[in-house]
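Asks: Please see the structure below; I have some questions.
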Protein chains: 6
Amino acid sequence: MPTVKLVDENDPNPVIQEVFLDIKATKKIDFVPNIWRALATHPQHLQLCWTRLKAIMQPGAVDALTKEIVALAVSVTNSCRYCINSHTAATQKLGLSAEQLGEVLAVVGLFNQMNKLADAYQVGPDILPEQK
Amino acid sequence: MPTVKLVDENDPNPVIQEVFLDIKATKKIDFVPNIWRALATHPQHLQLCWTRLKAIMQPGAVDALTKEIVALAVSVTNSCRYCINSHTAATQKLGLSAEQLGEVLAVVGLFNQMNKLADAYQVGPDILPEQK
Amino acid sequence: MPTVKLVDENDPNPVIQEVFLDIKATKKIDFVPNIWRALATHPQHLQLCWTRLKAIMQPGAVDALTKEIVALAVSVTNSCRYCINSHTAATQKLGLSAEQLGEVLAVVGLFNQMNKLADAYQVGPDILPEQK
Amino acid sequence: MPTVKLVDENDPNPVIQEVFLDIKATKKIDFVPNIWRALATHPQHLQLCWTRLKAIMQPGAVDALTKEIVALAVSVTNSCRYCINSHTAATQKLGLSAEQLGEVLAVVGLFNQMNKLADAYQVGPDILPEQK
Amino acid sequence: MPTVKLVDENDPNPVIQEVFLDIKATKKIDFVPNIWRALATHPQHLQLCWTRLKAIMQPGAVDALTKEIVALAVSVTNSCRYCINSHTAATQKLGLSAEQLGEVLAVVGLFNQMNKLADAYQVGPDILPEQK
Amino acid sequence: MPTVKLVDENDPNPVIQEVFLDIKATKKIDFVPNIWRALATHPQHLQLCWTRLKAIMQPGAVDALTKEIVALAVSVTNSCRYCINSHTAATQKLGLSAEQLGEVLAVVGLFNQMNKLADAYQVGPDILPEQK
């Protein structure tokens, strides 16, 4: 259960209305996801979060699907339930197949293991041949 | 400083030799990275880790660069110094430009924030219109 | 569902009774929160945890509300569901307004992002002018 | 060692110049901290990060010192070396005494423990008397 | 709710069948735990994960119960709900008493605290007398 | 570099002296490890941490080596450099062989992977046959 009362989709606050409309238009959906309704309890923070997310997630030198895959990898590593659900859905919507999802998650699992082994043994960075 | 004595690249143990040769051949490098020399203190574990990493990281339904980007995103989220260094280098070797690296890390930073905000407000999963 | 059977509030064990009474008196509540009923499965650990928490959380050089805000910031960063719920409630009871909660969580989100960017780029500590 | 070449403080890019000047003016320092010089390798991301950090960290319903304490609590929980250094320094500059720092860190340590105990026992949220 | 459709225990895929039978025989249970049914959505990854888990978890220089205790300590530190449940059950099946479980979790809680205090103060490694 | 000035081993404060002497006697060492010298900047917190660590780490229903193995598993999962060093040394002092250390770390690596895969697929707890 949320720790705050989710803001209604039709809340009259103009900052909230502008962001909510832009979220629905940008994501091409007809409802406002719960995270944005929670953030709307502090309208200025809602606006800061949304304008920044929109700027970072738009396709640029890196395509939209790769960005969503990175979002999923981060969310799994942080064990964020809400975000794992929404980014798994988002990658599928952008065309990630079941086989590709399996491969991505295999890589995520692998490096959660390897990261800890590297830390466990406290290995220093490799001296590459050209740096010797 | 490593917590174990790194195994020499020319260690005569046949399991170690086989893995070390395969690492150099597969990665097209002429030295054995430190993490593998640390893992070689337990040859069976070295072999399990390497054969699995090799299987998971080979290009399949997902290409090699995307897999390295995922490895980097996981390593940053886990703050693993050694792995951040090696996967930043690996993505660059596979062609990731400075601008693309900047975009990938922007996405990594963004969702480390959003994950915690979703947890902070304890929002439940969205009920999608088609599920209502 | 808890992994252990929660200890009854009226359990006759004298160590448990003493701690449970002190929890209710100190927190001015008339029930024992679930975490303490779980810890009571090992009475000595219950006592160690409670006496230490009571000592650390009492107002000292830092006031009670700031301590609860820190508790909430840690709990969110660790994504601990039970603790996020109880420390959000505790900060509100001590007078944190909805606007203040929004600002605190904005700071928590911000530094979960900035921490990872600092790690991603592996930046070393700043050399301050006076140390040059 | 940073994974990217830190951008020079006098880099002529106008976006970078504007942000660097604002950082120095806002923080009343005469050098640009390393994290911002690393982020400047992607000027748009630098700008997004700085404008948002400036907006969130300015005193509002929550004062500047409390915000820095929260930043420190998050950075310690994430074990971010660079950020622990800079936010410890920032809290001291804003007047946090040695005794207060000790108390803040005691609370941070305490809830890193309690968070894991709550997760270990998988306790559900408390049903408060008024909700029974 | 799982993000993928769990694979049926009787799925005809021969790789899946072989692994599922081996899981039930090795663990002496008559059902396939959910995690393996989720991993079976990518049969090759299922096989890699299972053969490796089986190899690492079999009693060797370290006994089975100690290995399960380590698995539980890791799962609690990562706050993994599913794994905390299954490894708590597994340690009990191998004979860990309620008192021993309490002591193990006390150690887990303690070092989640001490780890963060060591990071908070950024203490360097001890110079042992023999190394002076 | 530590964020505070480490307290001298011969500091005259009676609380500090009592704890420092007890640390050296209990651990049978002739110096005070750095973490305790950092904690001594807040003598009451030093005392709380030490008395609790001493109580939890003494052999009880679980032996001293198993407790140190758990401490190491937690420290690796949290990537705490100082603690990984000291608990690796402590387990070796208590007799953990190189082969056993390799097996323990293999288990730690394995479940850092499996924890994230369980989270990635959001699998619910298994319904055990007797509970059906």
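The values are calculated or read from the model by the stated rules, or taken from the named source; none is laboratory data. None of the values given here were measured: they were computed from a predicted structure. Heads up, the Cβs are rebuilt from the backbone with ideal geometry, glycines too, and the neighbour counts pull from every protein chain shown. Just the protein is used for accessible areas: all its heavy atoms, side chains included, with ligands, DNA and RNA removed. Shrake-Rupley method; radii C 1.70, N 1.55, O 1.52, S 1.80 Å.
Asks: Between beta-carbons, use under 14 Å as the cut-off and find the net charge around D:Leu72, counting Lys and Arg +1, Asp and Glu -1.
Replies: +2
Asks: Separate question: Placing a label point 7 Å from Cα toward Cβ, how far apart in nm is B:Gln58 from its equivalents in the other copies, listed shortest first to one decimal?
Replies: Ordered by distance, the counterparts are at 2.5, 4.2, 5.7, 5.7, 6.5 nm.
Asks: Return the calculated 222 nm mean residue ellipticity for chain C, to the nearest 500 deg cm²/dmol, obtained by summing -39500 (n - 2.57) across DSSP H runs with n ≥ 4 and dividing by the residue count.
Replies: Theoretical 222 nm ellipticity from helices: -21000 deg cm²/dmol.
Asks: In addition: In square angstrom and rounded to 100, what buried accessible area do you get between chains C and E, total over both, with the probe at 1.4 Å?
Replies: 700 Å²
Asks: Among the residues of chain B, which one places its Cβ closest to the rotation axis that maps chain B onto chain E, and what is that distance in whole Å?
Replies: Here the nearest residue and distance are B:Arg52, 3.
Asks: Summing +1 for each Lys or Arg and -1 for each Asp or Glu, what net charge is found among the other residues whose Cβ lies under 11 Å from the Cβ of A:Leu110?
Replies: +4
Asks: Still on this structure, I have one more. Net charge around A:Pro33, counting only other residues with Cβ within less than 12 Å of its Cβ (Lys, Arg = +1; Asp, Glu = -1)?
Replies: After counting each charged neighbour, the total is 0.
Asks: Whole Å is fine, so just give me how far the alpha carbon centre of the range E:38-91 lies from that of the range D:69-86.
Replies: 32 Å
Asks: Hey, can you find the accessible area per residue of the range A:1-61 for me, probe 1.4 Å, expressed in square angstrom?
Replies: That works out to 50 Å² for each residue.
Asks: With a 1.4 Å probe and all protein chains left in place, how much accessible area per residue does the range A:81-121 have, in Å²?
Replies: 27 Å²
Asks: In whole Å, what are the Cα extents of the range C:1-111 along the three principal axes, biggest one first?
Replies: Between the extreme Cα coordinates on each principal axis of the range C:1-111 lie 46, 32, 22 Å.
Asks: Let me confirm one metric for peptide E:82-94, namely the mean number of other chain beta-carbon atoms within 10 Å of its residues' beta-carbons.
Replies: Partner Cβ neighbours, averaged per residue: 4.
Asks: Place the peptides C:50-62, F:107-119, A:80-92 in order of packing, highest mean first, counting for every residue the other Cβ atoms within 10 Å and averaging per peptide.
Replies: Result, highest mean first: F:107-119, A:80-92, C:50-62.
Asks: With the label 7 angstrom out along Cα to Cβ, how close does E:Gly95 come to the same site in each of the other copies, in nm, nearest first?
Replies: Inter-copy label distances (nm, one decimal, shortest first): 1.7, 5.8, 5.8, 5.8, 6.2.
Asks: Also, I was wondering about something else. Inter-copy label distances at A:Gln17, 7 Å along the Cα→beta-carbon direction, one decimal in nm, shortest first?
Replies: Once sorted, the set of distances for A:Gln17 reads 4.2, 6.3, 6.4, 7.3, 7.8 nm.
Asks: Sticking to Cα atoms, compute the Rg of the protein assembly as shown to one decimal and its Dmax as the biggest Cα-Cα distance, whole number, in Å.
Replies: Over the protein assembly as shown's Cα set, Rg and Dmax evaluate to 25.3, 74 Å.
Asks: Please compute, for the alpha-carbon atoms of the range C:27-91, the extent along each of the three principal axes and give them in descending order in Å.
Replies: Sorted from largest, the Cα extents of the range C:27-91 read 30, 27, 23 Å.
Asks: Which cysteines does chain E leave without a neighbouring Cys Cβ under 4.7 Å?
Replies: E:Cys49 - these cysteines have no disulfide-compatible partner (Cβ-Cβ under 4.7 Å) in chain E.
Asks: Between D:Asn13 and C:Gln17, what is the FRET efficiency for a Förster distance of 56 Å, r being their Cβ-Cβ separation, to the nearest 0.05?
Replies: For D:Asn13 and C:Gln17, the calculated efficiency is 0.25.
Asks: Here's another thing I want to ask about it. What FRET efficiency comes out for B:Ala64 versus B:Met1 if R0 is 22 angstrom and r is the Cβ-Cβ distance? Round to the nearest 0.05.
Replies: Efficiency, from the Cβ-Cβ distance: 0.10.
Asks: Please tell me which of these pairs span more than 27 angstrom C-alpha to C-alpha: B:Lys93/E:Lys116; F:Lys24/F:Lys67; B:Lys93/D:Lys5; C:Lys116/E:Lys54; C:Lys27/D:Lys54; E:Lys67/F:Lys28?
Replies: B:Lys93/E:Lys116; C:Lys116/E:Lys54; C:Lys27/D:Lys54; E:Lys67/F:Lys28
Asks: Can you give me the angle between helix E:98-121 and the longest principal axis of chain E, using Cα atoms only, in degrees from 0 to 90, rounded to the nearest 10?
Replies: 60 degrees
Asks: Of all the accessible heavy-atom surface of the protein assembly as shown, with the other protein chains kept in place and a 1.4 Å probe, what percent is carbon and sulfur?
Replies: The computed percentage sits at 55.
Asks: Over chain D, what is the mean sequence separation of C-alpha contacts under 8 Å (at least six apart), divided by residue count, expressed as relative contact order in percent?
Replies: 17 percent
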